[in-house]
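The values are calculated or read from the model by the stated rules, or taken from the named source; none is laboratory data. The structure presented is a predicted model; accordingly, all values stated were derived computationally and were not measured. Using ideal geometry, Cβ is built from the backbone for each residue, glycine included, and neighbour counts are taken over all protein chains shown. Remember, those area values only see protein heavy atoms, side chains included, never the ligands or the DNA or RNA. Shrake-Rupley method; radii C 1.70, N 1.55, O 1.52, S 1.80 Å.
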Amino acid sequence: MPAPAEYIESNKQAFIKDYFSFLEIKEFPCIGAKASYANQLVKCFVAGNMACPKDDAGIFNFLCDFVDAYRSSNEFYHSAAIIFTSPQMINEEMFDVLLWQRLQALEILDSERYAYDSRVDHDPASAKFSFSIKEEALYVIGLHAASSRQARRFMHPTLVFNPHAQFEQLRASSKFDAMKNTIRKRDIAFSGSVNPMLQDFGEVSEVFQYSGRKYDESWKCPLKLTHAKPEHNSSA
């Protein structure tokens with residue numbers, strides 16, 4: 001069997017094709033993701049085992065490049081997907097643990113180079129929190145084979161990063177509510193119900209939506225922010 005790096009390189013396009021095929025499913029509810037794919041604005045990075053930190057630096061550099069490309073573009077619906085080749089997820093708890101491990105590693109790398117996006121709060125408990133890379137707030141969506149949500153049930157563990165400013169632009173243009181309602185109707189048709197963790201930005205922290213797992217009231221986000229507190233956001 002080839003070394004992990006050789007395996008990833010030789011099979012990279014196959015993993016990306018799997019993800020694009022997932023987005024092509026007619027009933028897939030997220031019309032924003034479909035628009036990103038249709039406009040060729042989905043960037044993909046194929047990494048190794050999600051439980052291993054060896055690809056963290058590569059993922060971080062990829063996301064920084066993605067942020068640069070997004071900022072220099074006049075196009076809408078940019079999206080970045082980190083597709084892991086393993087492990088096979090057996091339950092939502094397993095994926096949840098690994099998601100926060102990888103986000104914590106990325107947060108530490110980011111804090112060594114950049115400030116936090118001052119347009120959002122950097123406290124995971126805040127209703128205005130969003131994850132930040134290179135001073136750009138990003139909304140994270142987790143996908144994996146064991147998800148209880150049909151819309152997130154993808155064969156490879158994957159983290160999707162979407163610029164938060166895109167949602168704010170939609171909201172400012174009055175298109176957000178129509179898009180949100182369409183997605184929720186499609187999710188009911190596809191999954192049988194609306195995601196119980198789904199809330200609008202500013203109501204509760206978006207960390208409850210990242211992994212797709214249904215948390216109970218006692219759950220606390222394990223992410224520990226090492227960034228200095230931004231000066232211009234509304235954190236207490």
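Just need a number here: residues in segment 74-99 that are assigned to a loop (DSSP other than H, G, I, E, B) and within 16 Å of the chain's Cα centre (by Cα).
So the count comes out to 2.
For segment 127-135, check the following and say yes or no: at least one residue is among the aromatic types (Phe, Trp, Tyr), assigned to a strand (DSSP E or B) and surrounded by 20 or more Cβ atoms within 10 Å (Cβ to Cβ).
Among the residues of segment 127-135, at least one is among the aromatic types (Phe, Trp, Tyr), assigned to a strand (DSSP E or B) and surrounded by 20 or more Cβ atoms within 10 Å (Cβ to Cβ), which makes the answer yes.
Would you check which residues across segment 90-107 are in contact with a Lys or Arg (Cβ under 9 Å, 6 or more places away or on another chain) and open to solvent by 60 Å² or more (accessible area, probe 1.4 Å) and list them?
Correct list: GLU93 only.
At pLDDT 95 or above, crowded, with 22+ Cβ neighbours inside 10 Å, of a type in the set (D, E, K, R) and more than 19 Å from PRO230 (Cβ to Cβ), is that true of ASP117?
Against the criterion (at pLDDT 95 or above, crowded, with 22+ Cβ neighbours inside 10 Å, of a type in the set (D, E, K, R) and more than 19 Å from PRO230 (Cβ to Cβ)), ASP117 does not qualify.
So, restricting to helices (runs of 4 or more DSSP H) that lie completely within segment 138-236, which ones have at least 3 residues that are modelled with pLDDT under 75?
Output list reads 164-172, 176-191.
Would you mind finding the one in LEU109, LEU103, LEU98, LEU170 that is free of Cβ contacts under 8 Å to residues at least 24 places away in the same chain and among the aliphatic types (A, V, I, L, M)?
LEU170
With the requirement that a residue be touching a Lys or Arg at 6+ places or on another chain (Cβ under 6 Å) and within 20 Å of ALA151 (Cβ to Cβ), what does segment 26-79 give you?
If the condition is that a residue be touching a Lys or Arg at 6+ places or on another chain (Cβ under 6 Å) and within 20 Å of ALA151 (Cβ to Cβ), then PRO29 is the only one that fits.
Considering only segment 45-55, state which residues are in contact (Cβ under 8 Å) with a residue 12 or more places away in the chain and either open to solvent by 60 Å² or more (accessible area, probe 1.4 Å) or in a strand (DSSP E or B) (or both).
Result: PHE45, VAL46, ALA47, GLY48, ASN49, PRO53.
Among (1) open to solvent by 20 Å² or more (accessible area, probe 1.4 Å); (2) farther than 12 Å from PRO157 by Cβ, there is one condition CYS64 misses while meeting the rest; what is its number?
With respect to (1) open to solvent by 20 Å² or more (accessible area, probe 1.4 Å); (2) farther than 12 Å from PRO157 by Cβ, CYS64 is out only on (1).
Given the condition open to solvent by 40 Å² or more (accessible area, probe 1.4 Å) and farther than 30 Å from ILE90 by Cα, answer yes or no: does some residue in segment 181-190 qualify?
Yes: one or more hits.
Say we look at segment 1-44 and pick out the residues that are among the charged types (D, E, K, R) and more than 23 Å from PHE190 (Cβ to Cβ); which of these is least open to solvent (accessible area, probe 1.4 Å)?
Looking at residues that are among the charged types (D, E, K, R) and more than 23 Å from PHE190 (Cβ to Cβ), I get LYS12.
When you check SER72 against the structure, is it over 30 Å from ARG186 (Cβ atoms), polar (S, T, N, Q) and open to solvent by 30 Å² or more (accessible area, probe 1.4 Å), yes or no?
Considered against the rule, which asks whether it is over 30 Å from ARG186 (Cβ atoms), polar (S, T, N, Q) and open to solvent by 30 Å² or more (accessible area, probe 1.4 Å), SER72 comes out as yes.
Tally up the residues in segment 52-80 that are among the aliphatic types (A, V, I, L, M) and touching a helix residue (DSSP H, G or I) at 6+ places or on another chain (Cβ under 6 Å), please.
So the count comes out to 1.
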